[in-house]
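Worksheet for the structure shown next.
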Amino acid sequence: QVREWKNEGSKRYMCTGRPGWLTVSLRVGKYKKVHKNIMINLMDVLEVDSERQVVRVEPLVTMGQLTAHLNPMGWTIPVVPELDDLTVGGLIMGTGIESSSHIYGLFQHTCVAYELVLADGSLVRCSPTENSDLFYAVPWSCGTLGFLVAAEIKMIPAKKYVRIHYQPVRGLQKICEKFTEESKKKENSFVEGLMYSLEEAVIMTGVLTDEAEQSKINRIGNYYKPWFFKHVEKYLKADRTGIEYIPSRHYYHRHTRSIFWELQDIIPFGNNPIFRYLFGWMVPPKISLLKLTQGEAIRKLYEQHHVVQDMLVPMKSLEKSIQTFHQDLNVYPLWLCPFILPNNPGMVHPKGDEAELYVDIGAYGEPKRKQFEARASMRQMEKFVRSVHGFQMLYADCYMTREEFWDMFDGSLYHKLREQMNCKDAFPEVYDKICKAARH
């Protein structure tokens, strides 16, 4: 298809032909209508190499599919981002994170090789030792350097359960101290925080294990179970710590059924025990279905009164960041997920020469701030994130100007490769593809 596009005279930019409503991002890209759509129907797990401890997959393999395939074989991947429908391609070209990222980094940091079809129609493999510039430039590039056709991801041995410890913490300073301390401990397989208000949170730490106390097993993934964030909140309300054993696959997809806490805005009675018991098997609705059936007026309304954002900030700025989120958005719960950011080349790396501990602050829901205005409030947030050398996840609405965008991200390697590989006539620049300012 790429060669055909070349023979036709390379008139328009190319993009993947997967319809916008199928993606998990709430943004509906307009570029699909005007660019040349390249159909990439590659959705298979290609090989599981237990010698090298690597799984080779095609880009449309989803997290739900991958864990279902690997777990029975005794394997899993180090970072399993939350929602079942997230694809490997999206997690590499965009980004992905999970509560094990304080050990392994972002999803891209667990990949050992990519295979891409470039603008000239050639197939290239890249890794840290072969075509390394391209290997480091691909993550966050949103499909603007080439089409991903396969990826090799590290595997680790799977265990049956996650022993999870719930700890309510009160007081912002205490929350930040406790969260930072737990995130630095490599013996925690998982670290996650849910903030229910500016001064209240539950911090969860988990350890992978094959043994479990039968009486403490909680299969949170069963359709009739309470939504996970509501279950966690019980520990805060009762002001007590707790220990449970959750089957690994249920843990990996613990926020899937309630789409974190987004579903409470779509189905307000969804966590009612009667509804769960009778109709729990029907949720969550696919995000793709919601997007496909959503009219333009609803979408505009949603954009103005709803926020879905992940900001990645250095751990040392956590307290200041949460206060800023509170001031500008006032959305709760807030999701806190720590990750280690290695000093690799590419668009996203720490300011200094060392790897640095960062935290993803996720705000999903309806802002309770009285003067919330989507564009102004988000520009304020983006400015703050740039000031602490943080990053905004690119699946979300982004209101920065081009200068601000390249102030946040390091474009040196990316631009060099676009030049070298003649991408300028083949793919839009990442900014033009994802930023609101560029599309209006």
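The values are calculated or read from the model by the stated rules, or taken from the named source; none is laboratory data. On a predicted model such as this, the values are computed, not experimentally measured, just so you know. Cβ coordinates were reconstructed from backbone atoms using ideal geometry, including for glycine residues, and neighbour counts include every protein chain displayed. When the accessible area is computed, the model is the full protein with side chains, heavy atoms only, and any ligands, DNA or RNA have been set aside. Shrake-Rupley method; radii C 1.70, N 1.55, O 1.52, S 1.80 Å.
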Review point. Want the number for V45 to H165: 0.36 nm per residue separation, take away the alpha-carbon distance, what's left?
Key: 39.9 nm
Exercise for review: Determine, for each peptide in 144-157, 66-79, the mean count of other beta carbons within 10 angstrom over its residues, then list the peptides with the highest first.
Suggested key: 144-157, 66-79
Check your understanding: Which peptide among 272-278, 34-40 comes first, and what is the full order, when sorted by highest mean count of other Cβ atoms within 10 Å?
Key -> 34-40, 272-278
Practice item. Rank-order 6-14, 55-63, 385-393 by packing density, defined as the average count of other C-beta atoms within 10 Å over each peptide's residues, highest first. Key: 55-63, 385-393, 6-14
Review point. Between H415 and A238, what FRET efficiency follows from the Cβ-Cβ distance if R0 is 60 Å, with the result rounded to 0.05?
Key: 0.65
Study note, to complete from the structure: Once normalised by the length of segment 155-204, the mean sequence separation of its alpha carbon contacts under 8 Å that are 6 or more apart gives a contact order in percent of 46 percent
Practice item. Provide, as a two-decimal number, the C-alpha radius of gyration of segment 29-158 over 2.2 N^0.38 Å, N being how many residues it has. Key: 1.03
Check your understanding: Say each of A376 and S122 gets a label point 7 Å from the Cα, pointing the same way as Cα to Cβ; how far apart are those two points in nm?
Key -> 5.2 nm
Study note, to complete from the structure: What the 5 Å binned alpha carbon P(r) of segment 64-111 shows, as percent of pairs per bin from 0, is 5, 24, 31, 27, 13, 1
Practice item. Would you list which aspartates and glutamates come within 20 Å of K383, measuring only between C-alpha atoms, while excluding same-chain residues fewer than 8 positions from it? Key: E303, D310, E319, D328, D360, E373, D397, E403, E404, D407, D410, D432
Check your understanding: For the residue pair I266 and K184, what label-to-label distance in nm results when each label sits 7 Å from Cα along the Cα-to-beta-carbon direction?
Key -> 4.0 nm
Revision key, fill the gap. Under the Karplus relation with 6.51, -1.76 and 1.60 and θ = phi - 60°, whole-Hz ³J(HN,Hα) for segment 65-77, x at Gly and Pro, equal 5, 5, 5, 5, 7, 7, 4, x, 8, x, 10, 8, 9
Review point. How much mean residue ellipticity at 222 nm does the chain get from its helices, if each DSSP H run of length 4 or more adds -39500 (n - 2.57) and you divide by all residues, to the nearest 500 deg cm²/dmol?
Key: -8000 deg cm²/dmol
Revision key, fill the gap. Per residue, accessible area of segment 29-157 with a 1.4 Å probe, heavy atoms of protein chains only, in Å², comes to 34 Å²
Review point. Evaluated at 20 °C with a viscosity of 1.002 mPa s, what Stokes-Einstein diffusion coefficient in µm²/s does segment 347-440 have when Rh comes from the Kirkwood expression over alpha-carbon pairs?
Key: 142 µm²/s
Study note, to complete from the structure: Counting only protein heavy atoms with a 1.4 Å probe and every protein chain in place, the carbon and sulfur fraction of the accessible surface of the chain in whole percent equals 52 percent
Exercise for review: For segment 305-371, report the accessible area per residue in Å² (1.4 Å probe, heavy atoms, rounded to an integer).
Suggested key: 38 Å²
Exercise for review: Find the all-direction average of the projected area of the Cα convex hull for the chain, expressing the result in square nanometres with one decimal place.
Suggested key: 20.7 nm²
**Study point:** Too-long pairs where the Cα-Cα distance tops 24 Å, listed order kept, from K159/K216; K36/K433; K234/K320; K320/K368; K178/K316
**Key:** K234/K320
Study note, to complete from the structure: The alpha-carbon center of segment 344-391 and that of segment 65-85 are separated, in whole Å, by 28 Å
Check your understanding: Using 0.36 nm per residue, how much length does the chain from R369 to V149 gain when fully extended, once their Cα-Cα distance is taken away?
Key -> 74.9 nm
Check your understanding: Can you give me the relative contact order of the chain as a percent, contacts being Cα pairs under 8 Å and 6 or more apart?
Key -> 17 percent
Study note, to complete from the structure: Along principal axes, largest first, the alpha-carbon spread of segment 300-352 in whole Å comes out as 40, 25, 16
